Amino acid sequence: MTVRVVLADDQALLRKGFRMILETEDDIEIIGEAADGADAVRLAALYTPDIVLMDVRMPLMDGIEATRSISESGDKTRVLILTTFDLDEYAFNALRAGASGFLLKDVPPAELVSAIRTVARGDAVVSPRVTRRLLEEYAHQLPDLSGAAGDGSESTPPAGLTDRELEVLLAVADGLSNAEIAERLYVSETTVKSHVGRLLAKLGLRDRVQAVVYAFQSGLVKPS
């Protein structure tokens, strides 16, 4: 599968740098560049890329508003935010707007490539433990994803989740990767991925970031 990417950053030098890194990969194709958020939204609507690599600080429309617009469009495009700091209001607002994760601007090339592939598969690339710290501080400000979650009792899995799916949800909220969940539950990573996919579908959630938000807001996980 070829991952189709739009680069959105108001600094042409940075866009060129990212393009040089990504174009060396056989499975990644750069299909457009945007110098501001408004153009990023236009290109996302025009080409429906798999990923928009989005800077947060841009003219005309910043990356947060552009992310919100793309996320609310209903298209399959996912947004990966570029930020300067790994734990700040920009990172939080990116998640709140619907981003599938964020990366530091000085991310090593191999991590950038891996992150794009991960998000294209439908996963999220925010460090789970950083996500958890963000949510512990800001969860009350996020859109309510819990729906009719009841009292959050673990004895009654929400939205028809099986006991195993609930275990997986709690492990995701605990910051574990698929590999770590597989080790904990003595199953394969493929099985874990299937469980994650099913629980996201049952809960009507977009990705693992939203699953963590859900777990906090439904009371399944309590801030430490």
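Does segment 178-186 contain at least one residue that is among the hydroxyl-bearing types (S, T, Y), more than 18 Å from the chain's Cα centre (by Cα) and buried (at least 20 other Cβ atoms within 10 Å of the Cβ)? There is no residue in segment 178-186 that is among the hydroxyl-bearing types (S, T, Y), more than 18 Å from the chain's Cα centre (by Cα) and buried (at least 20 other Cβ atoms within 10 Å of the Cβ). Entry remark, segment 173-195: residues being touching a helix residue (DSSP H, G or I) at 6+ places or on another chain (Cβ under 9 Å), free of Cβ contacts under 8 Å to residues at least 12 places away in the same chain and at positive phi number 0 in total. Among the residues of segment 95-124, just one is among the polar types (S, T, N, Q) and either in contact with an Asp or Glu (Cβ under 9 Å, 6 or more places away or on another chain) or in contact (Cβ under 8 Å) with a residue 60 or more places away in the chain (or both), namely S100. Look at segment 196-220: where a residue is within 15 Å of L176 (Cα to Cα) and a partner is of a type in the set (S, T, N, Q) and not in a helix (DSSP H, G or I), sitting 6+ places away or on another chain with Cβ atoms under 7 Å, you get D207/S100; V209/S100.
In this structure, V41 does not qualify as surrounded by 18 or more Cβ atoms within 10 Å (Cβ to Cβ), in contact with a Phe, Trp or Tyr (Cβ under 6 Å, 6 or more places away or on another chain) and touching a residue at least 24 places away in the same chain (Cβ under 8 Å).
Among the residues making up segment 44-76, those that are of a type in the set (D, E, K, R) and buried (at least 16 other Cβ atoms within 10 Å of the Cβ) are D50, D55, D62, E65, R68. With respect to E137, is the statement that it is part of a helix (DSSP H, G or I), loosely packed, with under 15 Cβ neighbours inside 10 Å and at pLDDT below 90 true? Taking the combined requirement at face value, the residue satisfies it.
The values are calculated or read from the model by the stated rules, or taken from the named source; none is laboratory data. In this text the structure is predicted, and so the values were computed from the model without any measurement. As a convention, Cβ positions derive from the backbone with ideal geometry for all residues, glycine included, and neighbour counts pool all protein chains shown.
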